[in-house]
Amino acid sequence: VTLHLNPISSVHIHQKPLVFLLNSPLPLVWKLQTERLAPGIRRVFFVSLGSVVQFEKGNFSLSAEMEEKFFPEKNEHLLQWAQKEYGAVTSFTELKISRNIYIKVGE
């Protein structure tokens with residue numbers, strides 16, 4: 001699955017840390033494609049067991065981290081866990097089948 005990350009239209013270059021929880025019932029390879037994300041900013045990708053993130057070459061991969069995590073099975077429990085762990089959830093998306101996911105990041 002390719003994860004496309006770009007800032008919202010009102011932000012020229014996104015310069016804040018990001019945390020993603022990428023959960024799947026089956027192990028996946030998450031391929032990142034990014035546009036206009038500032039280099040050197042911490043971005044963390046937690047993936048379900050057996051999954052991996054393929055980072056783009058260059059500056060983005062130097063400040064991005066991937067960690068395998070055991071997530072709660074049901075989406076309600078995953079959302080509650082994320083809110084408890086991080087204090088807030090700005091976006092939650094569930095897809096049954098997808099090859100491309102487009103996410104706008106920003107304020």
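The values are calculated or read from the model by the stated rules, or taken from the named source; none is laboratory data. Here the structure is a predicted model, which means the values were calculated and not measured. Neighbour counts run over all protein chains shown; Cβ positions are idealised from the backbone, glycine included. To get the accessible areas, we keep the full protein, side chains included, count just its heavy atoms, and leave off ligands, DNA and RNA. Shrake-Rupley method; radii C 1.70, N 1.55, O 1.52, S 1.80 Å.
Descriptive notes on the structure:
- Options [x] 13.5, 37; [y] 45.5, 156; [z] 14.0, 42 - which one matches Rg and Dmax of the Cα atoms in Å as calculated here: [x]
- Reachable lysines, given that their alpha-carbon falls under 17 Å from the alpha-carbon of Lys57 and they are not under 8 places away in the same chain: Lys31
- Candidate aspartates and glutamates - alpha carbon under 17 Å from Lys16, same-chain residues fewer than 8 apart omitted: Glu35, Glu65, Glu107
- GNM top mover of Ala64, Ala88, Ala38 - the chain, alpha-carbon springs below 10 Å: Ala88
- Accessible surface of the chain [probe 1.4 Å, protein heavy atoms]: carbon and sulfur percent: 52
- Each of Ser9, Ser48 has its accessible area taken with a 1.4 Å probe; listed largest first, they run Ser9, Ser48.
- Charge sum, other residues only, whose C-beta stays under 14 Å from Met66's C-beta, Lys/Arg counted +1 and Asp/Glu -1: 0
- Taking a straight Cα-Cα cut-off under 17 Å and skipping sequence neighbours fewer than 8 places away in the same chain, the aspartates and glutamates within cross-link reach of Lys74 are Glu85, Glu94.
- Ordered by solvent-accessible area of protein heavy atoms (1.4 Å probe), largest first, the residues Tyr102, Tyr86 come out as Tyr102, Tyr86.
- In Å², nearest 10: area of Glu65 left accessible to a 1.4 Å probe: 80
- FRET efficiency, Leu79 to Thr2 (Cβ-Cβ, R0 35 Å, nearest 0.05): 0.90
- Once both labels are positioned 7 Å from their Cα atoms along Cα-to-Cβ, the gap between Phe70 and Val29 label points is 2.7 nm.
- Label zone at Ser10 (point 7 Å along Cα-to-Cβ), backbone N below 17 Å, the range 74-107: 90-91, 104-107
- Under 15 Å, Cβ to Cβ, from Val52 - net charge with Lys/Arg +1 and Asp/Glu -1: -2
- Using alpha-carbon coordinates, inclination of helix 75-86 to the longest axis of the chain, degrees: 50
- Net +/- balance of residues flanking Pro39 in space, Cβ distance below 14 Å, scoring K and R +1, D and E -1: +3
- Computed accessible area, Val44, all protein chains, 1.4 angstrom probe, square angstrom: 10
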